[in-house]
Amino acid sequence: MLWAMIDERGDPKPERAMAKLEPQWGIGIPVNCLSGTSTLEVPTEVVEGILGFRMPIIVSHVVPDADALGSMLAVGLGLSRDGCQTKVALPDGSLSQRLSFMCDLADIAIAGPADFDAADGFIALDTAKLGRCNVGAERKQTDWVANRPIVNIDHHATNTQFGRTNWIVSTAGSTCELAYYLLRAAQRPISPSMASLLYAGMQTDTIGFSLPTTTAPAMRACADLIDLGADVGVIGERLCRSQRTSEFDLLRIIYANTKVQEEGRLAFSSASYDEIHAAGCTAADIDEQISVPRSLEGVKLAMLFTEGRQHKVRINFRGSGEVTVVELAALFGGGGHAQAAGAILDGSLDDAMKQVIPAAAAHLKRFDTG
Ligand SMILES: [Mn+2]
């Protein structure tokens, strides 16, 4: 199985030349993106790879979250300059209601069919495997890469290194954190909008700076972004306090459908195609709702089953404490991070639940100590 072969967790520490960034202390007010206080080594070939493009398309994963969108839009804006026409891949219907404000922050063109033909390469961000790239269902069936170079930048432990150049840092809390260092290493200016986009991705992928991936360097990177003009108040309001009634109604369903098993250690919920659409939502709006079953005290393994498209059931897995879930997701052809993973099953919601819940209960038992 593919997922099992790939990459252990931990810093990959590539053995190649590094463009080491040094903090520039004592130079007063930050003048540009090079004045940050947080550092991470960015492989030179990655910097050269992204700067070598003239007409790249930036790609992230299907059902893009704030980390995918933030890194894609900020890198797209950062690379746009005389002599480089950058576009982003964002097929119709793939943007959630909640995150549409992020596109409003970024004045960047969305790639159309002619752009895909003309592109001299791709930058993939926050995307664990080629098949997850958000390029549209039809294009996905084709050889859309056509031997052109891909620079692949990600923090998923299960990344398949599908790029010609790969920079995978599975210890990073977000791809936006990596994108920040990348833009600095490439000496590209970071505008206040770009800073807000990167900050939004860092905030959401660490669940509001509440996961252990919220490291001191990550917080320093956030401080740099605030210095560069990230609007913390506006981002917080848009991400945390701007739910539409449709999203709120979907949450009611997720709460009502939540069930608990295994002495309170396994919690799961679901939403059928009819329930999602009756609430006024679509598949693009499903993401954060896993936080509902996960929020119960004592839950070690949480799952969310959603049928955003008919007979396609997406399952989000979350582990806490010592419980990892990426192996469980891999049993069903999925992948992701150690404690946050996903899979998609064909068939009915009932069948998916009947198949996955017992496997999850068995998986949880492996972590029993007594
Ligand atoms: Mn991410």
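Quick check on my filter: what residues within the range 271-316 are of a type in the set (Gly, Ala, Ser), out of contact with any Lys or Arg (no Cβ under 9 Å at 6 or more places or on another chain) and crowded, with 22+ Cβ neighbours inside 10 Å?
Residue satisfying the conditions is ALA271 alone.
Which of the residues that make up the range 82-137 are on the phi > 0 side of the Ramachandran plot and within 16 Å of the ligand (Cβ to nearest atom)?
Scanning the range 82-137 gives a single hit, ASP126.
I'd like the full set of residues that are surrounded by fewer than 15 Cβ atoms within 10 Å (Cβ to Cβ) and either free of Cβ contacts under 8 Å to residues at least 60 places away in the same chain or assigned by TED's automatic domain parsing to the domain that holds ASP126 (or both), limited to the range 334-364.
Within the range 334-364, ASP346, GLY347, ASP350, ASP351, LYS354, PRO358, ALA359, ALA362 meet the criteria.
If you go through the range 198-229, how many residues are among the acidic types (Asp, Glu) and closer than 18 Å to ASP287 by Cβ?
Residues that pass the stated criteria total 1.
Does SER270 satisfy the criteria of being within 26 Å of ALA338 (Cβ to Cβ) and either among the hydroxyl-bearing types (Ser, Thr, Tyr) or out of contact with any Ser or Thr (no Cβ under 7 Å at 6 or more places or on another chain) (or both)?
Considered against the rule, which asks whether it is within 26 Å of ALA338 (Cβ to Cβ) and either among the hydroxyl-bearing types (Ser, Thr, Tyr) or out of contact with any Ser or Thr (no Cβ under 7 Å at 6 or more places or on another chain) (or both), SER270 comes out as yes.
Determine if the range 180-198 includes at least one residue that is within 16 Å of the ligand (Cβ to nearest atom) and in contact with a strand residue (DSSP E or B) (Cβ under 8 Å, 6 or more places away or on another chain).
yes
Scan (1) farther than 28 Å from LEU211 by Cα; (2) without any contact (Cβ under 8 Å) to a residue 40 or more places away in the chain; (3) buried (at least 24 other Cβ atoms within 10 Å of the Cβ) for the single condition ALA89 breaks and write down its number.
The number of the failed condition is (2).
Does the range 171-192 hold any residues that are crowded, with 19+ Cβ neighbours inside 10 Å and under 20 Å from the mean Cα position of the chain (by Cα), and which are they?
Within the range 171-192, ALA172, GLY173, SER174, THR175, CYS176, GLU177, LEU178, ALA179, TYR180, TYR181, LEU182, LEU183 meet the criteria.
Does the range 152-171 contain any residue that is closer than 19 Å to LEU79 by Cβ, among the charged types (D, E, K, R) and within 16 Å of the ligand (Cβ to nearest atom)?
yes
Kindly state which helices (runs of 4 or more DSSP H) lie completely within the range 148-246 and contain at least 2 residues that are touching a Phe, Trp or Tyr at 6+ places or on another chain (Cβ under 7 Å).
Per the criteria, 192-205, 216-227, 232-240.
For the range 131-169, which residues satisfy the criterion of being more than 21 Å from the chain's Cα centre (by Cα) and in contact (Cβ under 8 Å) with a residue 60 or more places away in the chain?
Within the range 131-169, PRO149 is the sole residue that qualifies.
Those residues that are within 27 Å of ASP368 (Cβ to Cβ) and hydrophobic (A, V, I, L, M, F, W, C), I need them from the range 257-285; list them, please.
Answer for the range 257-285, where residues must be within 27 Å of ASP368 (Cβ to Cβ) and hydrophobic (A, V, I, L, M, F, W, C): VAL260, LEU266, ALA267, PHE268.
Considering only the range 199-213, state which residues are within 13 Å of the ligand (Cβ to nearest atom) and not β-branched (Val, Ile, Thr).
Those that are within 13 Å of the ligand (Cβ to nearest atom) and not β-branched (Val, Ile, Thr): ALA200, GLY201, MET202, GLN203, ASP205, LEU211.
Suppose we keep only residues that are surrounded by 20 or more Cβ atoms within 10 Å (Cβ to Cβ) and touching a strand residue (DSSP E or B) at 6+ places or on another chain (Cβ under 8 Å) within the range 221-256. Which one would you say is nearest to LEU304 (Cα to Cα)?
So the residue we want is ILE254.
For the range 136-155, what are the residues that are surrounded by fewer than 24 Cβ atoms within 10 Å (Cβ to Cβ) and touching a strand residue (DSSP E or B) at 6+ places or on another chain (Cβ under 6 Å)?
Residues satisfying the conditions are ARG148, PRO149, ILE150.
Looking at the range 257-270 only, could you name the residues that are surrounded by 19 or more Cβ atoms within 10 Å (Cβ to Cβ), touching a residue at least 40 places away in the same chain (Cβ under 8 Å) and of a type in the set (S, T, N, Q)?
Answer for the range 257-270, where residues must be surrounded by 19 or more Cβ atoms within 10 Å (Cβ to Cβ), touching a residue at least 40 places away in the same chain (Cβ under 8 Å) and of a type in the set (S, T, N, Q): just SER270.
Restrict the check to the range 211-220 and report whether at least one residue is in contact with a strand residue (DSSP E or B) (Cβ under 9 Å, 6 or more places away or on another chain) and in the same structural domain as ILE50 (by TED's automatic domain parsing).
Looking for residues that are in contact with a strand residue (DSSP E or B) (Cβ under 9 Å, 6 or more places away or on another chain) and in the same structural domain as ILE50 (by TED's automatic domain parsing), one finds at least one in the range 211-220, hence yes.
Quick one: would you say PHE332 is aromatic (Phe, Trp, Tyr) and out of contact with any helix residue (DSSP H, G or I) (no Cβ under 9 Å at 6 or more places or on another chain)?
No.
The values are calculated or read from the model by the stated rules, or taken from the named source; none is laboratory data. The model shown is predicted, which means the values in this text are computed figures rather than measured ones. Here Cβ is always computed from backbone atoms with ideal geometry, including for glycine, and neighbour counts include all displayed protein chains.
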